[in-house]
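One structure is given below, encoded as structure tokens.
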Amino acid sequence: MTSPSRHFATHEEMESYPFPFVCFACRKSFKRPYSDSPRPCPDCSGDAIALARRFRAPRKNAVRPWRVVAYLVEHGFFYQPVHNELGEVIRYPTTMTAASQFVRQYRAQAI
């Protein structure tokens, strides 16, 4: 029988997976191996922040959705799985109104 810890990636395995990094100044997402520290943005050399693998970036010219992403990250939601009271994984919000409510409702699950 496989141990429960085997269902989680080791640090070495995480470093080999490409993770999305986002630069809010450029509104750009790019994939790199995971790192706890920010990586430089290939365009502006500013800090790019790692998000969970499930993150899908908005279009570069879609300013409002990028503001929602930045708001969620500022409040500790890095697109990690968030569960409702039934244990179901819920979708991340796409509007600022929904994001504000999401942060209030699920703040205990923020990182």
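All of the numbers you see were taken from the coordinates with simple rules; none came from a lab. Nothing here was measured: the structure is a model prediction, and the numbers come from that model. All Cβ positions, even for glycine, are placed from backbone atoms using ideal geometry, and neighbour counts span all protein chains on display.
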Checklist outcome for this item: Residues in segment 13-25 that are outside any strand (DSSP E or B) and crowded, with 17+ Cβ neighbours inside 10 Å total 1
Checklist entry - Would a scan of segment 66-76 turn up a residue that is part of a loop (DSSP other than H, G, I, E, B) and touching a helix residue (DSSP H, G or I) at 6+ places or on another chain (Cβ under 6 Å)? => result yes
Checklist outcome for this item: Of the residues in segment 44-76, those that are among the acidic types (Asp, Glu) and surrounded by 13 or more Cβ atoms within 10 Å (Cβ to Cβ) come to 47
Checklist entry - So how many residues does segment 77-111 have that are surrounded by fewer than 13 Cβ atoms within 10 Å (Cβ to Cβ), of a type in the set (Gly, Ala, Ser) and outside any helix (DSSP H, G or I)? => result 1
Checklist entry - Filter segment 29-65 for residues that are assigned to a loop (DSSP other than H, G, I, E, B) and of a type in the set (Ser, Thr, Tyr); which is farthest from residue 81 (Cα to Cα)? => result 45
Item to check | Subset tally (residues that are under 15 Å from the mean Cα position of the chain (by Cα) and of a type in the set (A, V, I, L, M)) for segment 93-111 | outcome: 4
Checklist outcome for this item: Residue count, segment 58-97, condition more than 18 Å from residue 30 (Cα to Cα) and small (Gly, Ala, Ser), comes to 2
